[in-house]
Amino acid sequence: MVADKMNHLEGGESPYLIQHAKNPVNWYPWGSQAFGLAKNEHKLIFLSIGYSTCHWCHVMERESFSKEDVAKVMNEHYVSIKVDREEMPDVDAYFIDFANRVSGNAGWPLNIILTPDGKPVFPFTYIPRESRYGSIGINELLTSINELWVKSPEEIYRKINENEKLTINKTLKATPDVSDQIIKNAYGQLVNSFDKNYGGFGRNMKFPSSHIISFLAEYYGIYNESNALGMATNTIASIRMGGIYDHVGKGIHRYATDFGWKIPHFEKMLYDQANLITAASKLYKATGKEFYKKMIFDVAEFLREKLLSPEGGYYSAIDADSEGEEGKYYLWKSSELMEILKEDYEGFATVYNVQEDGNYIEEPKGTSNMKNILYVENEKEDTDKFRDKGTFWLNRNIEKDLEKLKDVREKRVAPRTDTKICGDINGFLLYAYSEAFSSTNDKKILRYAEELYEFLSEHYIDGGKCMHIIYNSGKKVHGYFSDYAFLSMGFFKLGLSTGNVDAIKKAMEISDQLFLKLKAESSALKSGDRSTFIGTLNSQEDSSIPSQFAAYERSLLYAGMAGQYNEKIDLSTSETVENLTKYPSFFTFRMETEMERKYASVLKGNYDSIDEIQKIRKNLARDGHNNIYFEQDDNLAPGSYSLCNSSACVLDAAEYGKILEYLNNQKK
């Protein structure tokens, strides 16, 4: 196959698959055609999963999949399948879980060798073109695996049998009640893994994992544990000071390759921004510090400038690469900065650690490319001052200087934007915006939430049935479990934060449809078959963002708070139950749900406007009552309220003074 001839990815709409449509590798999309061919020709399958803004996916494409010699090996011995993980999250979840269990290493690109009948054998992530860094090159690797398949297929099946021993018993098992002790154990595990020097958790590369920050903020509010607040505030300040945060254009990069948050992996993902907005909102609610409110609006400003579609939904990601180089758009030579900032350069360079020979270290070479990433040195004393006083403590001209750099950077070749609008992640962003409104009481962020709600209601929800992706051509990818879980959670959150009756109604319609889908699949779930709706029942822990299972639990809680009860189908496996008890810090979003279940309340009232809700929320917050939701009840007289928790109402038709008295007594 010549390089300018399309393979079987031609005509697809996934940006990731389109990037590979002209590869000499004879790629097929996931489907019966590819699997049928593998069976007919008795060939192994090379399954490659990634997404359009994945840096190491680009590296493999340039190094290997675009090369004729690699294509020759793959086309002769394998049926090759490409999958966009964001288009098919069920397939991705299943094989990510497989890779984690078999090798302990998973990520993207994710490359799996399958038998012709689809049984996974060997998992790999990035595979270099030539053997280096202790890793075997792709031609040598694929040739040796094929020789094993041809000469000793029993070895392949022996490996499959070994793999199957590592899979879990998928017997569904009721989740036990999460006690205060389990929640406290989760906190204790985070204390043990906390990096006291740089914030965050662990000692190697750092993911923001902002839902952990949210958990710590809530833990502080419930248990009055000041150390929890300190861990949260130091982590988010270190992120905000680090190279992982885009000081010029705002928003957060995918992760830091170092423990000090300085050197980022430059992708920008919508879900990371939503997660950070939520964490900053929780900390603003806990402390009232303007630093966190500014972070909320800075990240929201970035989203609306770079990821908001004309229709009102948000695109999924921005690439790490531009002009074939990771981070090129974001890095600066000292001479460039000197020319742009002139007399401000010296002060700016001191604040942001600009070096004449560059401070950016390229991965994996470990060498400088003579360019700089902007970051503030996060020594403990500076972290505290930065958190308390913000950038103006560093240099009063900083904001002006950053605007100058932004004007220059806008003229560069920008990284590619993945314009898929995913229902689940937009549902998560709706949740984040709604949390931001309930924390800040700011109508600007409420407008952002309501605009997104209107878009999702019009385009991604139809009678409770959800869409995962709608492409520009009109092609629809119907919703998966994650879409139903996150969209219902987001709709409930907006409804309970604003008293929006329609949002509650639509959230319940989504929940009803989800219940019917899960009930229809219950026999498959109980037998341990892989569900194409859920993907896998394994690995229910949070990852970079809350798990879809945790979002499902949260939406069930909100349904109860809104008085909209529904039967629950428990999706926990025996392993999940065991891990939830042993390693609760892996389930922080679920732990946060349980804290809300125990301590959050709903104030029902016949509210005349959102202004009345804002006024009451402000008054309650003044007395330390931050975990209050609001529900419109036209049956109550104006000025009369009912206070309810997730299972019952504790005060009915009471005046506000009685409500406040009750809450104050409960807090003692």
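Can you run phi through the Karplus equation (6.51, -1.76, 1.60; θ = phi - 60°) for region 436-443 and list ³J(HN,Hα) in whole Hz, with x for Gly and Pro?
Each residue's phi maps through the Karplus curve to give 5, 5, 5, 8, 9, 6, 9, 5 Hz.
Kirkwood hydrodynamic radius, the chain, all distinct C-alpha pairs: what's the number in Å?
Evaluated on the chain, it is 26.3 Å.
Quote the Stokes-Einstein diffusion coefficient, in whole µm² s⁻¹, for region 1-59, based on the Kirkwood radius over alpha carbon pairs, a temperature of 37 °C and a viscosity of 0.692 mPa s.
265
Based on the Cβ-Cβ distance of Glu76 and Glu655, what FRET efficiency does E = 1/(1 + (r/R0)^6) give at R0 = 60 Å, to the nearest 0.05?
My answer for the efficiency is 0.15.
Between region 547-620 and region 309-354, what is the C-alpha centre distance in whole Å?
First find each Cα centre; the distance between them is then 39 Å.
Name the long-range amide H neighbours of Glu631: under 5 Å, sequence gap of 5 or more, or other chain; modelled H, no Pro or chain starts.
When sequence neighbours closer than 5 places are left aside, the close amide H contacts are Leu603, Lys604, Gly605.
Can you list the HN-Hα couplings for region 45-50, worked out from phi with the Karplus curve (6.51, -1.76, 1.60; θ = phi - 60°), rounded to whole Hz and with x for Gly and Pro?
10, 9, 9, 10, 10, x
Report the calculated FRET efficiency for Asp512 and Lys342 (r = Cβ-Cβ distance, R0 = 56 Å), to the nearest 0.05.
0.35
May I ask you to compute the full-extension gain from Glu325 to Ser647, defined as 0.36 nm times their residue separation minus their alpha-carbon distance, rounded to one decimal in nm?
Result: 110.5 nm gained on full extension.
Measure out, as a whole number of angstrom, how far apart the alpha-carbon centroids of region 97-130 and region 132-152 sit.
Computed from Cα coordinates, the inter-centre distance equals 13 Å.
Could you point to the residue in Phe35, Trp108, Leu142 farthest towards the positive end of region 1-144's charge dipole, with +1 and -1 charges on the Cβ of Lys/Arg and Asp/Glu respectively?
Going by the charge dipole, the pick is Leu142.
Cβ neighbours within 10 Å, averaged per peptide: list 150-157, 223-230, 412-419 in order, most packed at the top.
Most protected by this proxy first, the peptides run 412-419, 223-230, 150-157.
Considering only protein heavy atoms and a probe of 1.4 Å, how much of the accessible area of the chain is carbon and sulfur, as a whole percent?
With neighbouring chains kept in place, the figure for the chain is 48 percent.
With Cβ to Cβ distances under 10 Å as the rule, what net charge do the other residues near Pro116 carry (K, R +1; D, E -1)?
Local net charge: +1.
So what does log10 I(q)/I(0) come out to for region 334-378 at q = 0.21, 0.33 Å⁻¹, using the Debye formula with one equal point on every Cα and no solvent?
-0.67, -1.17
If the cut-off is a Cα-Cα distance under 19 Å, which aspartates and glutamates reach Lys294, setting aside same-chain residues fewer than 8 apart in sequence?
In chain and number order, the partners are Asp246, Asp272, Glu305, Asp382, Asp384, Asp388, Glu399, Asp401, Glu403, Glu435, Asp442.
Here is the link list: Lys82/Lys282; Lys268/Lys411; Lys306/Lys333; Lys285/Lys604; Lys67/Lys371; Lys39/Lys268. Which ones come out longer than 28 Å on Cα distance?
Lys82/Lys282; Lys67/Lys371; Lys39/Lys268
Sort by residue number and report every cysteine in the chain with no other cysteine beta carbon within a distance under 4.7 Å.
Cys422, Cys466
Cα-Cα over 27 Å: which of Lys196/Lys444; Lys420/Lys582; Lys493/Lys519?
Lys196/Lys444; Lys420/Lys582
Kirkwood Rh and Cα-based Rg: tell me the resulting Rg over Rh for region 440-530, rounded to two decimals.
1.05
Take each of the peptides 441-452, 426-437, average the number of other beta-carbon atoms within 10 Å over its residues, and list them starting from the highest.
426-437, 441-452
Need one word for region 9-137: rounded, prolate or oblate. Basis is the Cα gyration tensor (sqrt eigenvalues a ≥ b ≥ c); a/c below 1.5 gives rounded, then a/b vs b/c decides.
rounded
Please give the contour-minus-distance gain from Glu612 to Glu130: 0.36 nm per residue of separation, less the Cα-Cα distance, rounded to one decimal in nm.
That works out to 166.9 nm of additional length.
Can you give the translational diffusion coefficient of region 206-293 in µm²/s, computed by Stokes-Einstein from the Kirkwood radius over Cα pairs at 10 °C and 1.306 mPa s?
This corresponds to a translational diffusion coefficient of 123 µm²/s.
If you add up the charges near Arg409, with Lys and Arg at +1 and Asp and Glu at -1, over every other residue whose beta carbon is less than 11 angstrom from its beta carbon, what do you get?
With Lys, Arg at +1 and Asp, Glu at -1, the net is 0.
Largest first and in whole Å, what are the equivalent-ellipsoid semi-axes of region 573-649 based on the Cα gyration tensor, each being the root of 5 times an eigenvalue?
Working through the eigenvalues yields semi-axes of 34, 14, 9 Å.
Which number do you get for Rg(Cα) / (2.2 N^0.38 Å) in region 298-357?
Rg over 2.2 N^0.38 Å, computed on Cα atoms: 1.52.
How far apart, in nanometres, would the label points at Ser574 and Ser103 be if each is projected 7 angstrom from Cα along the Cα-to-Cβ direction?
Result: 2.9 nm between the two label points.
At each listed q (0.15, 0.18, 0.33 Å⁻¹), what is the log10 of I(q)/I(0) that the Debye formula gives for region 233-274 modelled as equal alpha-carbon point scatterers?
Taken in order of the listed q values, log10 I(q)/I(0) reads -0.29, -0.42, -1.24.
Listed highest first by mean packing, meaning other Cβ atoms within 10 Å per residue, what order do 54-66, 490-502 come in?
490-502, 54-66
Which whole-percent values make up P(r) of region 77-124 when all C-alpha to C-alpha distances are grouped in 5 Å steps starting at zero?
Per 5 Å bin, starting at 0, the Cα pair percentages come out as 5, 20, 33, 27, 14, 1.
Can you tell me the accessible area per residue over region 1-83, all protein chains present, probe 1.4 angstrom, in square angstrom?
Ligands and nucleic acids excluded, the result is 39 Å² per residue.
Please give the per residue accessible area of region 220-271, computed with a probe of 1.4 Å over protein heavy atoms only, in Å².
Here the residues of region 220-271 average 21 Å² of exposed surface.
Among the aspartates and glutamates, which have Cα under 17 Å from the Cα of Lys72 when same-chain residues fewer than 8 positions away are ignored?
Asp4, Glu41, Glu61, Glu63, Glu130, Glu140, Glu147
Using modelled backbone amide H atoms (1.01 Å from N, in-plane), which distant-in-sequence or interchain residues come within less than 5 Å of Val650's amide H?
Those lying under 5 Å, H to H, from Val650 are Leu643, Cys644, Asn645.
The values are calculated or read from the model by the stated rules, or taken from the named source; none is laboratory data. Nothing here was measured: the structure is a model prediction, and the numbers come from that model. Counting neighbours? That spans all protein chains shown, and the Cβs are built from the backbone with ideal geometry, glycine included. In case anyone asks, the SASA skips ligands and DNA or RNA and just uses the protein heavy atoms, side chains included. Shrake-Rupley method; radii C 1.70, N 1.55, O 1.52, S 1.80 Å.
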